[in-house]
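Scroll down for the structure; my scribbles are underneath it.
The values are calculated or read from the model by the stated rules, or taken from the named source; none is laboratory data. Here the structure is a predicted model, which is why all the values come from computation and not from measurement. Cβ placement follows ideal geometry from the backbone for every residue including glycine, while neighbour counts extend to all protein chains displayed.
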Amino acid sequence: MNKIIDSHCHLNFPQFKGKLNEIIKRASDNGIYRMLTISTKLSEISDIEAISNSYSEVYNSVGVHPHECMNYKDLSLEDLIKHTKSSKCIGIGESGLDFYYENSPKELQIKLFRIHIEAARKSSLPLIVHTRNADNETIQVLEDEMKKGVFKGLIHCFSTSKELANRAINMGFYISLSGIITFNKSNELRDIIKDLPLNKLLVETDAPYLAPEPYRGKCNEPSYVLHTAKILAELKNKNLTTIAETTTENFNKLFNL
Ligand SMILES: [Zn+2]
Ligand SMILES: [Zn+2]
């Protein structure tokens, strides 16, 4: 069986309440041998840590989603760093800029984004970047911060421009692909992915959101990452085993596992 990793899911979300055992078993049964459950706000971090401490295959991050910035106006570097000490914490985020919903003012999103970058630098953990309708600003902040001192990271749920992908890769970043690449309308995105280097790609579900075809619209779960990997295999003219092995290697390298 292929071994594969879901680089981004939200296992603490209410959709999974009371179902986590079966969902993680179904993931294992399908070869998903590691999952990274992502923090979106600090108020959920103890739930997230409880999950990653209960399941050997689950790791976690710490961070504040751009949607949540208004609730964490005074976020400090130390607020993030203290949670990186937990044994299963391997990443900072998700953090970044979401100017599509713009639930928080742009300036505040940028301020918190920079604090997360500082935490990534200080902890040497990769930064998990969420970006929507903010390509230019995201790249600007990342490139500007990179000049002050290096840090590692990835663009999660990549669904925008070739320019963003290439500039992120030039900085040493990885690109994580979600179920969006399986959607009918995603021709342009699939064309971009054909040209991206396989040794920089990861796969994710972003579960419970963004279920890939043929489950589009339903509740997503880590085992479905295989459907995204299959489409990536087609785009790269490789078999599923190669895609599973390479994306797994990429993940383990980035997250130092
Ligand atoms: Zn996100
Ligand atoms: Zn997410």
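If you check Leu196, Leu202, which single one turns out to be within 17 Å of the chain's Cα centre (by Cα) and not in a helix (DSSP H, G or I)? Every option except Leu202 fails the conditions. Filtering the range 168-175 for residues that are more than 20 Å from Ile5 (Cβ to Cβ), surrounded by 18 or more Cβ atoms within 10 Å (Cβ to Cβ) and at pLDDT 95 or above leaves an empty set.
Looking at (1) within 13 Å of ligand 1 (Cβ to nearest atom); (2) not in a helix (DSSP H, G or I), which is the one condition that is false for Thr138? It fails just one condition, (2). Candidates are the residues of the range 14-46 that are of a type in the set (A, V, I, L, M, F, W, C) and within 16 Å of ligand 1 (Cβ to nearest atom); the one that is surrounded by the fewest Cβ atoms within 10 Å (Cβ to Cβ) is Ile38. Every test in (1) buried (at least 17 other Cβ atoms within 10 Å of the Cβ); (2) in contact with a strand residue (DSSP E or B) (Cβ under 9 Å, 6 or more places away or on another chain); (3) at pLDDT 95 or above is passed by Leu210 save one, and that test is (2). Looking only at residues of the range 141-165 that are under 14 Å from Arg114 (Cα atoms) and buried (at least 22 other Cβ atoms within 10 Å of the Cβ), we find that the one that is nearest to ligand 1 (Cβ to nearest atom) is Gly153.
Kindly check whether there is at least one residue in the range 210-221 that is in contact (Cβ under 8 Å) with a residue 40 or more places away in the chain and of a type in the set (A, V, I, L, M).
There is at least one residue in the range 210-221 that is in contact (Cβ under 8 Å) with a residue 40 or more places away in the chain and of a type in the set (A, V, I, L, M).
Residue count for the range 172-185 satisfying the condition of being under 17 Å from the mean Cα position of the chain (by Cα) and not in a helix (DSSP H, G or I): 7. The sole residue among Lys162, Lys152, Lys106 that is within 20 Å of Leu75 (Cα to Cα), among the charged types (D, E, K, R) and touching a helix residue (DSSP H, G or I) at 6+ places or on another chain (Cβ under 9 Å) is Lys106.
Residues are listed down the side, and each one gets a yes or a no for (1) farther than 22 Å from Tyr59 by Cβ; (2) in a helix (DSSP H, G or I); (3) within 19 Å of the chain's Cα centre (by Cα):
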| site | (1), (2), (3) |
| --- | --- |
| Lys111 | yes, yes, no |
| Glu118 | no, yes, yes |
| Val129 | no, no, yes |
| Asp144 | yes, yes, no |
| Lys147 | yes, yes, no |
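Taken over the range 4-13, the criterion of being buried (at least 20 other Cβ atoms within 10 Å of the Cβ) and either β-branched (Val, Ile, Thr) or in a loop (DSSP other than H, G, I, E, B) (or both) is satisfied by Ile4, Ile5, His10, Leu11, Asn12.
Cβ-Cβ distances below 9 Å connect the following pairs, each with a first residue in the range 85-98 that is over 20 Å from Leu112 (Cα atoms), a second residue that is within 14 Å of ligand 2 (Cβ to nearest atom), and a separation of six or more residues or different chains: Ser86/Asn60; Ser86/Val62; Lys88/Asn60.
Residue-wise test of (1) modelled with pLDDT under 95; (2) within 22 Å of Gly172 (Cβ to Cβ); (3) in contact with an Asp or Glu (Cβ under 8 Å, 6 or more places away or on another chain); (4) crowded, with 20+ Cβ neighbours inside 10 Å.
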site	(1), (2), (3), (4)
Tyr55	no, no, no, no
Leu75	no, no, no, yes
Thr84	no, yes, no, no
Cys89	no, yes, yes, yes
Phe99	no, no, yes, no
Phe113	no, yes, no, yes
Ala119	no, yes, no, yes
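When the range 23-73 is filtered for residues that are assigned to a helix (DSSP H, G or I), more than 24 Å from Leu257 (Cα to Cα) and either within 15 Å of ligand 2 (Cβ to nearest atom) or hydrophobic (A, V, I, L, M, F, W, C) (or both), the ones remaining, listed by number, are Leu42, Glu44, Pro66, His67, Glu68, Cys69, Met70. Annotation: of all residues in the range 47-71 being over 14 Å from the mean Cα position of the chain (by Cα) and within 17 Å of His130 (Cα to Cα), the one that is farthest from ligand 1 (Cβ to nearest atom) is Met70.
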